[in-house]
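Everything on this sheet refers to the single structure shown next.
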Amino acid sequence: MFNRQAISFYLVYPFIYLIASLPFSLLYRVSDFFYFILNLSGYRKKVVIDNLRNSFPNKSEEEIQSIRRSFFRYLVDLTFETLKTLRMGREESAAHCTMDNPVWLQELCKQKRSILIVMGHYGNWEWAGPSVTINTNYQLVVIYRPLSNVYFEKMMVGMRTRFGTLITPVQQTLRDMVAKRSLVTATAFIADQYPPAEGKIWTNFLNQDTGFFTGPEKLATKFDYPIVYIHVARKSRGYYHVTPELLFDKPKESKEGEITLAFAKRLEKDILAQPETWLWSHKRWKHKR
C-alpha cells in the first residue's frame with residue numbers, strides 16, 4: 001500500500017519529468033507563466049522585501065522593488081533549471097555552465113592535494129557541481145542536507161550524482177572525509193545558510209549582524225585542505241560561468257575565524273555585484289546574536 005510520501009511523489013513526478021524534457025525555449029515560457037502566478041500568490045514577498053531593505057538601506061524603494069522582481073523571476077528560472085537537470089546530458093550541462101580551470105587548480109590536483117570548496121546560494125549552485133566534475137580531475141563530493149521525502153530524496157541524489165559527483169549527508173561529513181583521504185577530492189559546502197546554535201561566528205554581512213557556520217573552516221584546518229571559493233556568475237538566461245578562486249593555500253596557518261570571515265566578505269562582494277541571484281527568500285536573519 002502506498003504511503004503519503006509515495007503518493008505525493010508519483011503525483012508530481014510526471015510534471016517534473018515533462019518539464020525536464022522541454023527544450024530550453026519552451027522551459028522559459030513555462031517559467032514566465034509561473035513567475036506571473038508566483039507574483040499573484042505573494043510567496044515570501046514580505047521576507048524578501050525586509051531582507052532587501054535591511055541589506056541595502058541606501059537604495060530607494062523603487063530600486064528595492066526592482067531587485068525583488070528580478071529575484072523572483074530568477075528564482076522561478078532556477079527552479080525549472082534544477083528540474084531540467086534530470087534530463088540534461090554531459091554536453092548540454094557543459095554548454096550551459098562553463099568553468100575556468102586555472103593553472104593553480106590543475107597544479108593542486110597534480111600534487112594530489114585535496115581541496116575544500118565554499119560557495120553560497122548564489123547563481124545556479126546545482127549546475128556548478130556538475131561543472132566542477134566535468135572540467136577538473138577532482139572527485140567532487142557535495143555536502144548536503146537530505147530531503148524528508150525518501151522518494152524525492154532518491155530523485156535528487158540521482159540528479160546530483162550524474163557524471164560522477166558524490167554526495168554526503170552533512171551529519172556524516174567528518175567520517176566521510178576521513179574515509180576518502182586517499183582520494184584527491186574537492187569537498188563542497190554551500191556555507192551561507194543560517195548556522196546551528198553551536199559553531200558559528202558573527203560578522204557584519206550586508207549591513208546586518210550575521211552568524212556564519214564555522215564547520216568548513218574547522219575541517220579545512222584539520223585536514224589542511226586549500227580553501228577554494230566558487231563564483232557562479234549568471235551570464236544570461238540559462239547560462240552560467242564558474243570561476244574558482246584560491247582563498248587560503250595553507251589553512252593551518254590561518255587565525256581562528258579568518259577563513260569564515262574571508263568567505264563572508266567574498267560572497268558579499270558577489271551579492272552586491274548581482275543581488276538578484278542570491279536566495280533572498282531564505283529567512284537568513286531570523287535569529288539575533
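Looking only at the range 226-250, filter to residues that are surrounded by fewer than 18 Cβ atoms within 10 Å (Cβ to Cβ) and of a type in the set (D, E, K, R); which one of those is farthest from Arg181 (Cα to Cα)?
Step by step, filter the range 226-250, then rank; the result is Arg237.
Looking only at helices (runs of 4 or more DSSP H) that lie completely in the range 119-188, which have at least 3 residues being buried (at least 22 other Cβ atoms within 10 Å of the Cβ)?
In the range 119-188, 125-135 are the helices (runs of 4 or more DSSP H) which contain 3 or more residues that are buried (at least 22 other Cβ atoms within 10 Å of the Cβ).
Keeping to the range 94-118, report how many residues are among the hydroxyl-bearing types (Ser, Thr, Tyr) and in a helix (DSSP H, G or I).
Looking only at that region, the number is 0.
Is there any pair with a first residue in the range 252-264 that is under 15 Å from Phe189 (Cα atoms) and a second that is hydrophobic (A, V, I, L, M, F, W, C) and in a helix (DSSP H, G or I) whose Cβ atoms are under 8 Å apart and which are 6 or more apart or on different chains, and what are they?
Ile259/Ala220
Looking at (1) under 18 Å from Ile190 (Cβ atoms); (2) at pLDDT below 95, which is the one condition that is false for Ser281?
The one condition Ser281 does not meet is (2).
Check Ala95 against each of (1) of a type in the set (A, V, I, L, M); (2) surrounded by 15 or more Cβ atoms within 10 Å (Cβ to Cβ); (3) more than 19 Å from Leu18 (Cβ to Cβ) and name the one condition it does not meet.
(2)
Which condition from (1) in a loop (DSSP other than H, G, I, E, B); (2) of a type outside the set (Ser, Thr, Tyr); (3) under 16 Å from the mean Cα position of the chain (by Cα) is the one that Leu75 breaks?
(1)
Being part of a loop (DSSP other than H, G, I, E, B) and surrounded by fewer than 20 Cβ atoms within 10 Å (Cβ to Cβ) is the filter here; which residues of the range 78-92 pass it?
Gly89
Looking at Lys255, Lys288, Lys265, Lys269, which is the one that is surrounded by fewer than 14 Cβ atoms within 10 Å (Cβ to Cβ), under 25 Å from Ser66 (Cβ atoms) and not small (Gly, Ala, Ser)?
Sole residue among the options that is surrounded by fewer than 14 Cβ atoms within 10 Å (Cβ to Cβ), under 25 Å from Ser66 (Cβ atoms) and not small (Gly, Ala, Ser): Lys269.
Any residue that is surrounded by 14 or more Cβ atoms within 10 Å (Cβ to Cβ), part of a helix (DSSP H, G or I), touching a Phe, Trp or Tyr at 6+ places or on another chain (Cβ under 7 Å) and of a type outside the set (A, V, I, L, M) - is there at least one of those in the range 48-65?
yes
Whether any residue in the range 21-28 is part of a helix (DSSP H, G or I), more than 22 Å from the chain's Cα centre (by Cα), surrounded by 12 or more Cβ atoms within 10 Å (Cβ to Cβ) and modelled with pLDDT of 95 or more is what I want to check.
Yes, the range 21-28 has at least one match.
From (1) over 21 Å from the mean Cα position of the chain (by Cα); (2) closer than 27 Å to Asp209 by Cα; (3) not aliphatic (A, V, I, L, M), pick out the condition that doesn't hold for Ser70.
Checking Ser70 against (1) over 21 Å from the mean Cα position of the chain (by Cα); (2) closer than 27 Å to Asp209 by Cα; (3) not aliphatic (A, V, I, L, M), the one that fails is (1).
Could you tell me which residue of the range 208-225 is surrounded by the fewest Cβ atoms within 10 Å (Cβ to Cβ), considering only residues that are among the aromatic types (Phe, Trp, Tyr) and assigned to a strand (DSSP E or B)?
So the residue we want is Phe213.
The values are calculated or read from the model by the stated rules, or taken from the named source; none is laboratory data. In this text, all values refer to a predicted model and were calculated from it rather than measured experimentally. Here the Cβ is made from the backbone with ideal geometry for all residues, glycine too, and neighbour counts use every protein chain on show.
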